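Asker: Have a look at this one before I ask anything.
Each value in this text was obtained by applying a stated rule to the coordinates, not by laboratory testing. Given the structure is predicted, the values throughout are model-derived calculations rather than measurements. Positions of Cβ are backbone-derived with ideal geometry, glycine not excepted, and every protein chain shown enters the neighbour counts.
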Amino acid sequence: MSRIGKKPVPVPAAVTATVDGQTVKMKGAKGELSFTLPEEIKVEKDADGITLTMIEDTKKARSMWGMSRTMVQNLITGVTEGYSHTLEIHGVGFKAALKGKDKLTLSVGFSHDVEHEIPAGVEVKVGGAKQDQVTVSGIDKQLVGQVAAEIRASRKPEPYQGKGVRYKGEYIFRKEGKKK
């Protein structure tokens, strides 16, 4: 039995929850999100909130149960608070700049600038003293994490000097390098 799946998802007063078959929709102050549950999971809305149960006790249903409950909880967190990731750019002359609202340009030591398209539903801000901090925010946890990961992948931090794009607070294992 899943300890996570057993718990009902409490719905705050500021959020409107709608259950239509296998689709759960949440509407809050920041926007509207929906998630379609797998057919192995049954979803009900009651006084405690949203309750998820397995239709039949199979291996696939057990594996989907806790994940589905967490996805519904992520919808509620997204429409009330939102999600954000902060990235730091380390290196001499490395910086970020926004071109309009849909393009992020990174100067990270290549002969060319690296450009990233910003999808709808995600907001990107550039800040810091030397334009070396990028904040990615939005209501969809998966989309915000994916955009942040793609920005980080443009120049991963290297282990010798630590140059590159990293998440705020990320520890980079440093290597010593050659000795004479």
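Asker: At 222 nm, what helix-only mean residue ellipticity would the chain give, in deg cm²/dmol to the nearest 500, using -39500 (n - 2.57) for each DSSP H run of four or more? Spell out each step's value before the answer.
Answerer: Working: 3 runs with 39 residues, N = 180.
Here the helix-only value at 222 nm equals -7000 deg cm²/dmol.
Asker: Here's another thing I want to ask about it. Lysines near LYS168 by alpha-carbon distance under 29 Å, same-chain residues fewer than 8 away left out - which ones?
Answerer: In chain and number order, the partners are LYS30, LYS95, LYS99, LYS101, LYS103, LYS125, LYS130, LYS141, LYS156, LYS178.
Asker: Still on this structure: Before anything else, pin down the relative contact order of the chain: Cα pairs under 8 Å, at least 6 apart, normalised by residue count, whole percent. Working shown, then result.
Answerer: Values: 343 pairs, mean separation 31.8, N = 180.
So the answer I get is 18 percent.
Asker: Looking at region 86-180, which GluC sites (Glu not before Pro) are in a loop (DSSP not H, G, I, E or B) and have at most 13 other Cβ atoms within 10 Å? Don't jump to the answer; show the numbers that get you there.
Answerer: Numbers: sites: GLU88, GLU115, GLU117, GLU123, GLU150, GLU170, GLU176; in loops: GLU170, GLU176.
Qualifying residues, ordered by number: GLU170, GLU176.
Asker: When Lys and Arg each count +1 and Asp and Glu each count -1, what net charge do the other residues less than 15 Å away from SER107, Cβ to Cβ, add up to?
Answerer: Working: positive: LYS95, LYS99, LYS103, LYS130, ARG155, LYS163; negative: GLU88, ASP113, GLU115, ASP132.
Result for the local shell: +2.
Asker: Right, something else. Using the Cβ atoms and a cut-off under 14 Å, what net charge is assigned to the surroundings of PRO159, where Lys and Arg are +1 and Asp and Glu are -1? Let's see the in-between values first.
Answerer: On the way: positive: ARG155, LYS156, LYS163, ARG166, ARG174, LYS175, LYS178; negative: GLU158, GLU170, GLU176.
Neighbourhood net charge equals +4.
Asker: Setting aside same-chain residues fewer than 8 positions from LYS60, which lysines have a Cα under 22 Å from its Cα?
Answerer: Straight-line reach from LYS60, under 22 Å: LYS6, LYS7, LYS42.
Asker: Under a no-solvent Debye model with one identical scatterer per Cα of region 68-157, what's log10 I(q)/I(0) at q = 0.11, 0.22 Å⁻¹?
Answerer: For region 68-157 at q = 0.11, 0.22 Å⁻¹, log10 I(q)/I(0) is -0.33, -1.04.
Asker: In percent, what relative contact order does region 3-80 have, based on Cα pairs under 8 Å that are 6 or more apart in sequence?
Answerer: Values: 140 pairs, mean separation 28.9, N = 78.
For region 3-80, the relative contact order is 37 percent.
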